[in-house]
Amino acid sequence: MKSKLPDVGITIFTEMSQLALDHQAINLGQGFPDYNPDALLIQCVNEAMLAGHNQYAPMAGVPVLREAVAEKMARLQAHEYDPGDEITITSGATEALASAITALVHPGDDVILIDPAYDLYAPVIRLAGGTVVRVPMMPPTQDTPRFAMDWNALEGALGPKTRMIVLNFPNNPTGTILSDDDLAHLERIASRHDVLLLSDEAYEHIVFDGESHRSLASRPALAERSVVISSFGKTFHATGWKIGYLCAPKSLSAEIRKVHQFMVFSVPTPMQHGLANYLRKHARLEQLSTFYQQKRDRLKTGLEGSAFRPLQSQGTFFLLVDTSALGDSKEKELARRLTIDHGIGAIPVSAFYEDPNAPQANHRLLRLCFAKQDPTLDRAVEALRAVPGVAA
Ligand SMILES: Cc1ncc(COP(=O)(O)O)c(C=O)c1O
């Protein structure tokens, strides 16, 4: 059979999770928590089921949840989305991204991705007939121990065929967030080029060190051309529920809903009612960053003096570690050895590049997920500290 995606196999997350399972390793690879959502959220969903919210939801999502999202966006990002026409509840950020790309990218369009990039974007762009144009972030340096946007490179990559730029901040895998300066650069670019912005903000509520998340929704000149996407799964430790949302101006939302309605029609009703109730009455979104910052610091401090040098993580639940002290193997080989020989599952950052084997994709970095219970993190630290460095 002629494949539409001949070079796509299983994802690196599935591959490394299976390897971790096979070798009974602590899985700091795939990005999911090893703890439950708040019992109150589970109770809210149970109550919704018992109250009879068990049949199809409206295609765009139940009104109470769309209203709760509109309130949250107005409160935190000062943008008023109309819950009727501009907010859609989706099957995770995944379906929101896939529906938006499918609806908005036409055959022959160029779509810019920022490398390293989450693995979903490129195949879906290609399925829509688009061409992926990659712009690398600037890799970490001694002075700036994190990846950073290269706005000149981004502007240089824009051309007459550019339809969309995909952005993902807080960024998976690098942990980089956007600053006010970054948003100003983006505004300048958007004012000169007629492009759409697809903003994957799945980690919007996980930002550290007193910084705040700067959504593209927070600047009117960006919001008018942006599709802003998030994930309740990531926010509420419920990745298995696969529920998220998408905010976009009415004209864009109308096109995206045409795809959403035939991709999934609607998403589970009791989850939607439960989340609406929880968001209104119980959710403490401000506490999430503190919760995760403690975990980040537990892992980071634990690794001090080990062969793994932590980089700066400004947000998400990922920490990149520099493995230069372990020799010069390719990142993927290193991740495999770490799992098999030392019992720690990790993800090579090179997997987020177009060609994971290319020298410019290998910065000797591994991604560790710290969305784990403290005892799990402590066991991981112990195992990582026991990995000997190679004498220089
Ligand atoms: C950057 C990014 N976007 C989207 C997703 C998918 O989110 P969801 O589980 O809500 O579909 C993930 C999950 O890992 C992610 O890291």
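Given the pairs 72/234; 330/372; 234/300; 295/330, which are separated by over 18 angstrom at their Cα positions? Intermediate values should be presented prior to the final figure.
Working: 72/234 16 Å; 330/372 26 Å; 234/300 21 Å; 295/330 28 Å.
Beyond 18 Å between Cα atoms: 330/372; 234/300; 295/330.
State whether the stretch 1-131 is rounded, prolate or oblate according to the following rule on the C-alpha gyration tensor (a ≥ b ≥ c being the square roots of its eigenvalues): a/c under 1.5 gives rounded; otherwise a/b larger than b/c gives prolate, and the remaining case gives oblate.
Verdict is oblate for the stretch 1-131.
Mind checking the full-extension length gain between residue 10 and residue 51? Use 0.36 nm per residue of separation minus the Cα-Cα distance, one decimal, nm.
10.8 nm
Got the relative contact order for the chain handy, in percent, Cα pairs under 8 Å and 6 or more residues apart?
Working: 799 pairs, mean separation 96.6, N = 392.
It rounds to 25 percent for the chain.
Would you mind getting me the FRET efficiency between residue 282 and residue 212? Use the beta-carbon distance for r and R0 = 25 Å, nearest 0.05.
It comes out at approximately 0.70.
Restrict the search to the stretch 153-213; then list the GluC sites (Glu not before Pro) that DSSP places in a loop and that have at most 16 other Cβ atoms within 10 Å of their Cβ.
Working: sites: 155, 187, 201, 204, 211; in loops: 201, 204, 211.
Answer by residue number: 211.
Rounded to whole Hz and in sequence order, give me ³J(HN,Hα) for the stretch 117-130 from the Karplus expression 6.51 cos²θ - 1.76 cosθ + 1.60, θ = phi - 60°, writing x for Gly and Pro.
In residue order, the calculated couplings are 10, 3, 6, 6, 4, 4, x, 5, 4, 5, 4, 7, x, x Hz.
Using 0.36 nm times the number of residues separating residue 59 and residue 261, minus their current alpha carbon distance, what extension gain do you get?
Details: separation 202, 0.36 × 202 = 72.72 nm, distance 0.62 nm.
Extending this stretch completely gives an extra 72.1 nm.
Select from the stretch 228-276 those chymotrypsin sites (Phe, Trp or Tyr not before Pro) which occupy a DSSP coil region and have at most 12 other Cβ atoms within 10 Å, ordered by residue number.
Those satisfying the criteria are 265.
Among 65, 384, rank each residue by its count of other Cβ atoms within 10 Å, from fewest to most, as a rough exposure measure. Can you show the working numbers first?
Numbers: 65 28, 384 23.
By the 10 Å Cβ count, ascending: 384, 65.
For each of 284, 66, count neighbouring Cβ atoms within 10 Å of the residue's Cβ, then give the residues from fewest to most.
Working: 284 9, 66 25.
Ascending number of Cβ neighbours within 10 Å: 284, 66.
Sequence-distant or interchain residues sharing an amide H contact under 5 Å with residue 165, placed H: which?
112, 196, 197, 198
Answer rounded, prolate or oblate for the stretch 113-160, using the Cα gyration tensor with square roots of eigenvalues a ≥ b ≥ c: rounded when a/c is under 1.5, else prolate when a/b is larger than b/c, else oblate.
oblate
Could you state the number of Å between the C-alpha centres of the stretch 316-392 and the stretch 111-152?
First find each Cα centre; the distance between them is then 21 Å.
Compute the separation of the alpha-carbon centres of the stretch 240-301 and the stretch 179-215 and state it in Å as a whole number.
18 Å
Could you put 251, 266 in order, starting from the residue whose Cβ has the fewest other Cβ atoms within 10 Å? Intermediate results must be reported in sequence, preceding the final value.
On the way: 251 10, 266 20.
Ascending number of Cβ neighbours within 10 Å: 251, 266.
Tell me the net charge near residue 16. Cut-off is 11 Å between Cβ atoms, residue 16 excluded, with +1 for each Lys or Arg and -1 for each Asp or Glu.
Working: positive: 332, 336, 367; negative: 15, 22.
The answer is +1.
Let me check I've understood the local charge: for residue 276, count other residues with C-beta under 14 angstrom from its C-beta, Lys and Arg +1, Asp and Glu -1. What total comes out?
+1
Among DSSP beta bridges lying fully in the chain, give the percent that are antiparallel, nearest 5.
Numbers: 19 of 39 bridges.
Rounded to the nearest five, the antiparallel share is 50 percent.
Given axes a ≥ b ≥ c from the Cα gyration tensor, I'd like to know whether the stretch 39-281 is rounded (a/c under 1.5), prolate (a/b larger than b/c) or oblate. Display every interim value, and only then the final one.
Numbers: a/c = 1.92, a/b = 1.48, b/c = 1.30.
Cα axes put the stretch 39-281 in the prolate bin.
Rank 85, 341, 115 by mean-square fluctuation in a GNM of the chain with C-alpha springs under 10 angstrom and give only the top-ranked residue.
Largest GNM mean-square fluctuation: 341.
In sequence order, what are the phi-derived ³J(HN,Hα) couplings for the stretch 209-226 according to the Karplus relation 6.51 cos²θ - 1.76 cosθ + 1.60 with θ = phi - 60°, rounded to whole Hz, with x for glycine and proline?
6, x, 6, 10, 6, 9, 6, 5, 5, 6, 10, x, 5, 8, 4, 5, 10, 10
Readers should treat all values here as calculations from the given coordinates under stated rules, not as data from a laboratory. The shown structure was predicted, so the numbers you read here are calculated from the model rather than taken from an experiment. Counting neighbours? That spans all protein chains shown, and the Cβs are built from the backbone with ideal geometry, glycine included.
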